[in-house]
Amino acid sequence: MIVMGRGNHMHSIPAVPPGAMRLATAHDLSDDPGRGVGQYMGGEAIMERVLIVDDHPLVRDGLRSVIAISFDNCDIFEAASMDEAVSLLEKQDNFDLILLDLNIPDVRRLDGLKLLRDRFPILPVVMVSGAFDRAIVQEALAAGAAGFIPKSLKRSAIVDALHRVVSGEIYLPEAMGENVAPTAEEDEIARRIDSLTPQQKTVLAHLVRGRLNKQIAHDLGVSMTTIKAHVSAILQKLGVLSRTQAVIKANQVHFRAD
């Protein structure tokens, strides 16, 4: 699912109406065995580990503050350059999200995004930028970005954007959400989803809606063990390691089960 956000922007593109979107409401997720599962629809989005890659300390401090307030017990890591980020990721790559500045001094334009997608393909990367236009947003999506968040957004809108991305949605500035062409990655995701059995597609649809394992088991009238087996098979066939990543991929191709 591609979601257009709202906020105040100072750019050459047409002005976007101000105002933050409604934030997620909290629900009890303690019985969900999945790590880092986004539960925006019907629950609270979970983010346990995030990496901020930006060469400006004030920007990193601002994002750190927003994340710390909005996501309980989230481990926040920082890198001031792409070399520093790659070095960190080579030691530990179990992050729920990477926030990457568009203009990092040691990489050109979207080369940093392409490098991360090549070296760490399972990690969702969201571009963060002070300036943008339609072309760069579409180029970022084509290169595999999981979203594009302007630094000029209000604090509450940034929180909303992060909740949506962790929940598996692709967040775009409101004015940038039209005419996004399909990518080779989306074709590959669609092919992998087509390889799922009908039962697995049904379970994936429940995951996209933010349902917990026990809720899916109850709705389908099967055991928790059966649902866990389906989830494991889904992750394997989609080539991901977590439910969050599976939901992100499903939303990239607007997956909906019949």
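The values are calculated or read from the model by the stated rules, or taken from the named source; none is laboratory data. All of these numbers come straight from a predicted model, not from anything done at the bench. Positions of Cβ are generated from backbone atoms using ideal geometry, with glycine treated the same way; all protein chains shown enter the neighbour counts. Just so you know, the surface numbers come from the protein's heavy atoms only, side chains and all, with ligands and any DNA or RNA stripped out. Shrake-Rupley method; radii C 1.70, N 1.55, O 1.52, S 1.80 Å.
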- Query: If the chain between Arg134 and Ala233 were fully stretched, how many nm would it gain, using 0.36 nm times the residue separation less the Cα-Cα distance?
  - Reply: 31.9 nm
- For region 47-165, the accessible surface attributable to carbon and sulfur atoms (probe 1.4 angstrom, ligands and nucleic acids excluded) amounts in percent to 48 percent
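Within region 182-251, what whole-number % of the accessible surface is contributed by carbon and sulfur, with the 1.4 Å probe and all protein chains included in the calculation?
Reported share for carbon and sulfur atoms: 54 percent.
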- Near Lys201, which lysines are there with a Cα under 19 Å away, not counting those fewer than 8 places off in the same chain? Lys214, Lys228, Lys237, Lys249
- Under a Cβ-Cβ cut-off of 13 Å, what is the net charge of the residues other than Asp187 that fall near it, where Lys and Arg count +1 and Asp and Glu count -1? -1
- Among rounded, prolate and oblate, which fits region 192-258 when a ≥ b ≥ c are the square roots of the eigenvalues of its C-alpha gyration tensor, a/c under 1.5 means rounded, and a/b larger than b/c means prolate? prolate
- Note on the structure: Which residues qualify? For Asp75, with a placed amide H closer than 5 Å and at least 5 residues away or on another chain, they are Arg49, Val50
- Backbone HN-Hα couplings from phi across region 243-249 [Karplus 6.51/-1.76/1.60, Hz, Gly and Pro as x]: 5, 4, 5, 5, 5, 4, 5
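Excluding ligands, DNA and RNA, what is the solvent-accessible area per residue of region 182-251 at a probe of 1.4 Å, expressed in Å²?
In whole numbers, region 182-251 has 47 Å² accessible per residue.
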- Find the accessible area per residue for region 47-165; the probe is 1.4 Å, ligands and nucleic acids are left out, and the unit is Å². 40 Å²
- Task: Please give the contour-minus-distance gain from Arg119 to Ser223: 0.36 nm per residue of separation, less the Cα-Cα distance, rounded to one decimal in nm.
- Result: 33.7 nm
- What FRET efficiency comes out for the pair Val86/Leu58, r = Cβ-Cβ distance, R0 = 30 Å, nearest 0.05? 0.85
